[in-house]
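J.: If you scroll down you'll find the structure; I have some questions about it.
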Amino acid sequence: MRLRSIVSHAAVGCAGAFATYLLVAGNMGVMPSFAQAPGQRTTELFNQVMDDVLGRRLTVRLTERDPGNGSAAHRHPGSHTVGYILEGTYEVKIGDGPVRTLKAGEVFYEQPNALHAISRNPSTTEKLKYLIIQVSDPSKLATVPE
């Protein structure tokens, strides 16, 4: 069990580093693949079943939010989620943790089924851009609104 945890965390870290490299290098030839909410754009960068890690799915997405944009409280029942802030500021509250305002280069972690109570761009003038890296159990719902 411990080895699987280490392997999945290592996979998430490698995927994040790779996605960041592709983004910075300008080699992203991908298209948005999600229903787009007003003021928010999400582009799937990577999606792969990890056959050697209990069939978990590794996804990497780029999310961009306009100033003031946020999402309603929600949970990801089957996903370990790591977020990496690329540009702007991100206001986040996960589980019993405090409200945090993250800047470029900072990271957050959301364990499966944790309440993601706040997820927004607090700026009134600057856009927000961040990577979402998830290792998910495909047999569970991806997102559940509160």
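The values are calculated or read from the model by the stated rules, or taken from the named source; none is laboratory data. Computed from a predicted structure; not experimentally measured. Quick reminder, even Gly has a Cβ in these numbers, built from the backbone with ideal geometry, and neighbours come from all protein chains shown. Calculation scope for accessible area: heavy atoms of the full protein, side chains included, ligands and nucleic acids excluded. Shrake-Rupley method; radii C 1.70, N 1.55, O 1.52, S 1.80 Å.
J.: Give the stretch 102-125 a look and list any residue that's small (G, A, S) and surrounded by fewer than 20 Cβ atoms within 10 Å (Cβ to Cβ), or say none.
T.: So in the stretch 102-125, the residues small (G, A, S) come out as 104-105, 114, 117, 119, 123.
Passing the criteria: A104, G105, A114, A117, S123.
J.: Right, something else. Do the conditions hold for Q134, that is, is it crowded, with 20+ Cβ neighbours inside 10 Å and either out of contact with any Lys or Arg (no Cβ under 6 Å at 6 or more places or on another chain) or of a type in the set (V, I, T) (or both)? Reasoning before the result, please.
T.: On the way: crowded, with 20+ Cβ neighbours inside 10 Å: yes; either out of contact with any Lys or Arg (no Cβ under 6 Å at 6 or more places or on another chain) or of a type in the set (V, I, T) (or both): yes.
The answer is yes for Q134.
J.: I need a count of the residues in the stretch 39-56 that are over 23 Å from K129 (Cα atoms), out of contact with any Asp or Glu (no Cβ under 8 Å at 6 or more places or on another chain) and assigned to a strand (DSSP E or B).
T.: Total satisfying the criteria: 2.
J.: While we're on this one: Specify which of the listed residues (S71, S33) is among the small types (G, A, S), open to solvent by 40 Å² or more (accessible area, probe 1.4 Å) and either modelled with pLDDT of 50 or more or closer than 17 Å to Y84 by Cβ (or both). First the steps, then the outcome.
T.: Values: S33 fails: either modelled with pLDDT of 50 or more or closer than 17 Å to Y84 by Cβ (or both).
Matching residue, one of S71, S33: S71.
J.: While we're here: Inspect all residues belonging to the stretch 87-101 and state whether any of them is in contact with a Ser or Thr (Cβ under 6 Å, 6 or more places away or on another chain), buried (at least 16 other Cβ atoms within 10 Å of the Cβ), of a type outside the set (D, E) and closer than 17 Å to P138 by Cα.
T.: Among the residues of the stretch 87-101, not one is in contact with a Ser or Thr (Cβ under 6 Å, 6 or more places away or on another chain), buried (at least 16 other Cβ atoms within 10 Å of the Cβ), of a type outside the set (D, E) and closer than 17 Å to P138 by Cα, which makes the answer no.
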